[in-house]
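Student: Below is the structure I would like to discuss, written out as structure tokens.
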Amino acid sequence: MSIRSYLNPVHCLQAAAVVGVLAAMTTPAQADNWRGWNVHPPGYPNSEALDSFVKDVTEKTDGRVNAKIFHNGVLGDQPDAIEQTRSGALNFANFNMGPMGPIVPETNVLSLPFLFKDIDAMHHVMDGEIGERFAEALERKNLVALSWFDSGSRSVYNTKRPINEPEDMKGLKVRVMNNDLYVEMIDALGGNATPMAYGEVYQSLKTGVLDGAENNFPSFESSGHNEVAKYFSETEHLILPECVCIAKASWEKLSEEDQGIVRQAALDAATLQRKLWAEGSKKSREEVIAAGVEINEVDKPAFQTRMEPIYAAFIEQHPDLEPLLNDVRNAQ
């Protein structure tokens, strides 16, 4: 019997992924050999859209850009990937704007709770002149944003009880992304915010290190969090855009023709991603209900009222961002 037959299939897949990453990293970073980062697993709406982006870029540049995407966060977590892309060690990535705040302060506006009325309003804002202003802020940090993905609305889920009023959050240990605004948001609701890497959340929920987290239906379902957290409360407190971002150094090496091809591929990927996202979100919601998750609406105005001090503090700390915040609100 071979050594391979003793290996757990999951370990084999992980080992294969590592071998693939190491092989790619032996190729000198250059404009015609692109490595991309994505935190989500294959089959996820973002992953399928990025696969389409990679295919379009490689084929339509006639191989002048040979792009490859690594899913499942095998190249590191998002903060690491942001820095790798800014430095040019990674050529492109799909980033959520939440953890982008510490690096690109303007994007913190997008992390203010209950900023967008709904998902359509977010699309309208980000696809227009205001989205260009956020793209300019990213480019000043060596990230060229070519299109905006959807990430649905984020809500709170937990292992303990339904959340109907802010008071129901009291004492719950809730995982948030690495951004002070999210910590302040959960604390304002009476919970105990815990920044944590996404990959650690399942086990932490299972063992009681965490009581809950906040995310959208596709992530809740695909991560298996619904297996251990049976209460999903539709707070819809965050509607965060995501970007297809190219390292500025990689972008500037492209010819004008290839820049046009890459930009169009990113726009086409966003169109596909939004379609898949809407379909996947509906399907994930149905699947977690069928699996026994209790879903409830909340007293949303009561939650919004708790956010007023966060807005006031944000404007006090970032007076230069108040015009941008007001423009986002008024553009909806």
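Student: Given the criterion of a type outside the set (S, T, N, Q), surrounded by fewer than 24 Cβ atoms within 10 Å (Cβ to Cβ) and more than 16 Å from N215 (Cα to Cα), identify the matching residue among P99, P162, P105.
Tutor: Testing whether each residue is of a type outside the set (S, T, N, Q), surrounded by fewer than 24 Cβ atoms within 10 Å (Cβ to Cβ) and more than 16 Å from N215 (Cα to Cα) leaves just P105.
Student: Restricting the first residue to the stretch 168-195 and requiring it to be at positive phi, which pairs with a second residue that is assigned to a loop (DSSP other than H, G, I, E, B) and among the basic types (K, R) meet a Cβ separation below 6 Å and a spacing of at least six or different chains?
Tutor: Matching pairs, first to second residue: G190/K170.
Student: Taking the stretch 204-224 as the search range and keeping residues that are in a strand (DSSP E or B) and closer than 10 Å to R154 by Cβ, which one is nearest to the chain's Cα centre (by Cα)?
Tutor: Taking the candidates together, the pick is N215.
Student: Yes or no: the stretch 254-275 includes at least one residue that is farther than 30 Å from G88 by Cα and either in contact (Cβ under 8 Å) with a residue 12 or more places away in the chain or of a type in the set (D, E, K, R) (or both).
Tutor: yes
Student: Taking the stretch 234-246 as the region of interest, how many residues are touching a Phe, Trp or Tyr at 6+ places or on another chain (Cβ under 7 Å) and either on the phi > 0 side of the Ramachandran plot or of a type outside the set (D, E, K, R) (or both)?
Tutor: Qualifying residue count, the stretch 234-246: 8.
Student: Further, regarding this structure: Regarding the stretch 138-149, can at least one residue be identified that is out of contact with any Lys or Arg (no Cβ under 6 Å at 6 or more places or on another chain) and β-branched (V, I, T)?
Tutor: No, that holds for no residue.
Student: A further question follows. Looking at K248, K253, which is the one that is of a type in the set (K, R) and in contact with a strand residue (DSSP E or B) (Cβ under 7 Å, 6 or more places away or on another chain)?
Tutor: K248
Student: A follow-up question, please. S147 versus (1) under 25 Å from A213 (Cβ atoms); (2) within 14 Å of the chain's Cα centre (by Cα): which is the lone unmet condition?
Tutor: Only one criterion in (1) under 25 Å from A213 (Cβ atoms); (2) within 14 Å of the chain's Cα centre (by Cα) is unmet by S147, namely (1).
Student: What is the residue count in the stretch 51-75 for residues that are buried (at least 19 other Cβ atoms within 10 Å of the Cβ) and of a type outside the set (S, T, Y)?
Tutor: Of the residues in that region, 9 qualify.
Student: Please find, within the stretch 41-75, the residue that is modelled with the lowest pLDDT out of those that are more than 14 Å from the chain's Cα centre (by Cα) and at positive phi.
Tutor: Among those that are more than 14 Å from the chain's Cα centre (by Cα) and at positive phi, it is G43.
Student: Counting residues that are more than 24 Å from T107 (Cα to Cα) and of a type in the set (G, A, S), which helices (runs of 4 or more DSSP H) fully inside the stretch 251-332 reach at least 2?
Tutor: By residue number, 256-290.
Student: Among the candidates V201, V209, V228, single out the residue that is aliphatic (A, V, I, L, M), without any contact (Cβ under 8 Å) to a residue 40 or more places away in the chain and surrounded by 16 or more Cβ atoms within 10 Å (Cβ to Cβ).
Tutor: Going through V201, V209, V228 in turn, the sole match is V201.
Student: Can you name every residue in the stretch 56-111 that is farther than 29 Å from R329 by Cβ, of a type outside the set (A, V, I, L, M) and assigned to a loop (DSSP other than H, G, I, E, B)?
Tutor: T61, D62, G63, R64, H71, N72, G73, G76, D77, G88, N91
Student: In the stretch 115-123, is there at least one residue being surrounded by fewer than 17 Cβ atoms within 10 Å (Cβ to Cβ), among the basic types (K, R) and at pLDDT below 95?
Tutor: yes
Student: Considering only residues that are surrounded by fewer than 15 Cβ atoms within 10 Å (Cβ to Cβ) and touching a residue at least 24 places away in the same chain (Cβ under 8 Å), which ones fall in the stretch 312-328?
Tutor: Selection gives A313, D327.
Student: On the basis of being under 15 Å from D327 (Cα atoms), touching a residue at least 24 places away in the same chain (Cβ under 8 Å) and surrounded by fewer than 21 Cβ atoms within 10 Å (Cβ to Cβ), does I130 make the cut?
Tutor: It is true that I130 is under 15 Å from D327 (Cα atoms), touching a residue at least 24 places away in the same chain (Cβ under 8 Å) and surrounded by fewer than 21 Cβ atoms within 10 Å (Cβ to Cβ).
The values are calculated or read from the model by the stated rules, or taken from the named source; none is laboratory data. Computed from a predicted model, the values in this text were never measured in an experiment. Neighbour counts run over all protein chains shown; Cβ positions are idealised from the backbone, glycine included.
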